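What follows is a short report on a single structure.
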Amino acid sequence: MSHLLWKTLALSPVVLGVTVLVSARVLAAEVADSSEDIKAKAVQTEAPIASNASIFIQTEQPKVNQQLVAQKTDNNQVLEEINRYSSESKNQNSLSQVTSVSQFSDVQPTDWAFQALQSLVERYGCIAGYPNSTYRGNRALTRYEFAAGLNACLDRVNELIATATADLVKKEDLATLQRLQEEFSAELATLRGRVDAVEARTAELEAHQFSTTTKLVGEAIFAVTDNFGSNDNNNTVFQDRVRLDLQTSFTGKDTLHTRLATGNAIGLALPGGTFEGTQTFNLSPSTNNSVFIDWLSYYFPLGNSQVYIAATGGIHSDYVPTVNPYFEDYDGGNGALSTFASESPIYRIGGGAGAGVNLAFGKGGGGFEPSLTLGYLASQANNPGINTGLLEGNYAALGQLNLKVGDRFTLAATYVHGYHNGGTVLFDAGSASTTTGVVGTAQANFVGAGNPYISNSYGLEAAFKPSDKISISGFAVYSDITGLGANDNGQVWSYGAGLALPDFGKKGNVLGLFAGVEPYVGGNAGDKPYHFEGFYKYRVTDNISITPGVIWLTNPGQIAGNNDDAIIGTLRTTFNF
């Protein structure tokens, strides 16, 4: 009995040695992870160009309270580690015991812990690896993996005790382990406390988690706006818009978006009854802060393609590259102020419910990457009445060829064929109820003179990034309108270009300058409606940005003899969470 007890005590330092080695592995992994994180932040310069970013809606994850968010981030990382290990366990069954360090394909004799591993494996058989012959010594260790490795070691200890192996532990080994025990006692105590704290936070998260498949992404906009031009009949207004997007994934590669939106923004009244100064936060299904589901869509991969299905609130820029980096933010609060500067008006023709697909032909890697985008959206798809529905009502079918050359240049050619019932506007962005359009003059939106009409629109979009600090983009649009009544044919033109300076003054800031002509009817006696815009997005924190800006409109409404300009000033504050 006393002999057996002695062997048990003698083996205790072996267990401790494994613990020390595992602890060192944890600390080393944390240092490596921190270094990689610093490197990633150092090289990150800007958001991806729109040709890549348009596949999924991306929203920054804000921090309103630094301490609360830090804890939330740690908890999310813990859950991710647990989920990852659980997934690995399902695929690989369990950890397997090894008998030689040479069985590890990712352990080399030059590794700093090689001798320790070799001793534990070959002398005591006390290290467990993965079934695919890897040890994964450079990544963080989860509590489950630690338990599995410790259990394997204890099994080996019990086996050695049962067989009463002679000279089980050498005297010098005992002395070394005792010294290590004294040396790392503080670190082991700290590690034990951290593991307990992580376990407690994990239990709390699991008990109060909202969903295992869904995360909430939100945006709130506060905006103060006024018109300082001639014939100004507007008062200074303080408006808001809020979006709450529930993003659900069932496979890890798909995303279901269920977005709730509300707001009270009303566009400024300009001459000619036009909303040429429409800003992105004006696009809300509500003007009295009532809550609506304004977007319900599903993205999923199909081979090398990306498929998009919208049940309501879909727009073309949800699935097609708009090729307007830094200005485009999917009508959010972090890009250009106006709907005109944020994307080409051709993407505002039609919307609602339908589907789109992005077919990629290149393999990526920064070379030549061509792709083809096809889509169909109907703005009255839910209405079973006459001249409505998915196929008989207003619709817009889109085709776009995308040519991306490395990370510096992108070119796109777009065609949109649309049908529009009488009394509906050309640039409706899927809202059959709008009476003014979300961009362009009243004449451009009502070429059909109240009769049904067909539109065939052609567009070119390009973006060039000569350096990481400069981005140049632009577009041109031509729409041929064929009215189904008498004398209601016409042509609509629009073009514009922008210069963006990312990280101007501070990382995350954007200075944007844009100039162009909003959609207008060619041959009209009125002057062209020029649009000039400047804004500066100042990033206060990762979650809060303030954007002052000015929109200068010449000849709003495209009215002959009207030379009164409109100068709209806006101070927009955006909260992302």
Candidates 150, 191, filtered to the one that is modelled with pLDDT of 70 or more, more than 34 Å from the chain's Cα centre (by Cα) and surrounded by 15 or more Cβ atoms within 10 Å (Cβ to Cβ): 191
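One line per residue, one yes/no per condition, for (1) buried (at least 17 other Cβ atoms within 10 Å of the Cβ); (2) of a type in the set (A, V, I, L, M); (3) in a loop (DSSP other than H, G, I, E, B):
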residue	(1), (2), (3)
438	yes, yes, yes
443	yes, no, no
457	yes, no, no
465	yes, no, no
471	yes, no, no
482	no, no, no
506	no, no, yes
515	yes, yes, no
518	yes, no, no
Sole exception among (1) on the phi > 0 side of the Ramachandran plot; (2) outside any loop (DSSP other than H, G, I, E, B); (3) not hydrophobic (A, V, I, L, M, F, W, C) for residue 418, by number: (1)
Subset of segment 102-111 that is over 39 Å from the mean Cα position of the chain (by Cα) and without any contact (Cβ under 8 Å) to a residue 24 or more places away in the chain - its residue that is farthest from residue 134 (Cα to Cα): 110
Test result for residue 315, in the same structural domain as residue 242 (by TED's automatic domain parsing), more than 18 Å from residue 427 (Cβ to Cβ) and not hydroxyl-bearing (Ser, Thr, Tyr): no
Number of positions in segment 220-269 that are part of a loop (DSSP other than H, G, I, E, B), aliphatic (A, V, I, L, M) and surrounded by fewer than 18 Cβ atoms within 10 Å (Cβ to Cβ): 2
The listed residue being closer than 30 Å to residue 517 by Cβ, part of a strand (DSSP E or B) and in the same structural domain as residue 403 (by TED's automatic domain parsing), out of 335, 375: 375
The lone exception for residue 280 - which of (1) surrounded by 21 or more Cβ atoms within 10 Å (Cβ to Cβ); (2) touching a residue at least 60 places away in the same chain (Cβ under 8 Å); (3) in contact with a strand residue (DSSP E or B) (Cβ under 6 Å, 6 or more places away or on another chain) it fails: (3)
Condition met for residue 425 (aliphatic (A, V, I, L, M), free of Cβ contacts under 8 Å to residues at least 24 places away in the same chain and either over 21 Å from residue 355 (Cβ atoms) or not assigned by TED's automatic domain parsing to the domain that holds residue 500 (or both)): yes
Cross-chain or 6+ apart pairs with Cβ under 6 Å, segment 475-489 first and closer than 30 Å to residue 325 by Cα, then of a type in the set (Asp, Glu) and surrounded by 14 or more Cβ atoms within 10 Å (Cβ to Cβ): 475/461
Members of segment 522-545 found to be within 30 Å of residue 451 (Cα to Cα) and crowded, with 22+ Cβ neighbours inside 10 Å, listed by number: 529, 531
Condition met for residue 536 (part of a strand (DSSP E or B) and in contact with a Lys or Arg (Cβ under 9 Å, 6 or more places away or on another chain)): no
Answer from 488, 564, 542, 527 - the residue that is in a loop (DSSP other than H, G, I, E, B), closer than 20 Å to residue 226 by Cα and of a type in the set (Asp, Glu): 564
Residue ID - farthest from residue 571 (Cα to Cα), chosen from residues in segment 179-237 that are in contact (Cβ under 8 Å) with a residue 40 or more places away in the chain and hydroxyl-bearing (Ser, Thr, Tyr): 202
Qualifying residue in segment 287-301 (condition: buried (at least 20 other Cβ atoms within 10 Å of the Cβ) and under 22 Å from residue 442 (Cα atoms)): no
Within segment 446-455, considering residues that are assigned to a loop (DSSP other than H, G, I, E, B) and of a type outside the set (S, T, N, Q), the one surrounded by the fewest Cβ atoms within 10 Å (Cβ to Cβ): 450
Counted residues, segment 331-357 - those being among the basic types (Lys, Arg) and surrounded by fewer than 24 Cβ atoms within 10 Å (Cβ to Cβ): 0
Residues satisfying the stated conditions in segment 382-396, i.e. closer than 11 Å to residue 355 by Cβ and either buried (at least 22 other Cβ atoms within 10 Å of the Cβ) or not hydrophobic (A, V, I, L, M, F, W, C) (or both): none
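The values are calculated or read from the model by the stated rules, or taken from the named source; none is laboratory data. Small disclaimer: the values here were computed from a predicted structure and weren't measured. Every residue, glycine among them, receives a Cβ derived from its backbone with ideal geometry; neighbour counts consider all protein chains shown.
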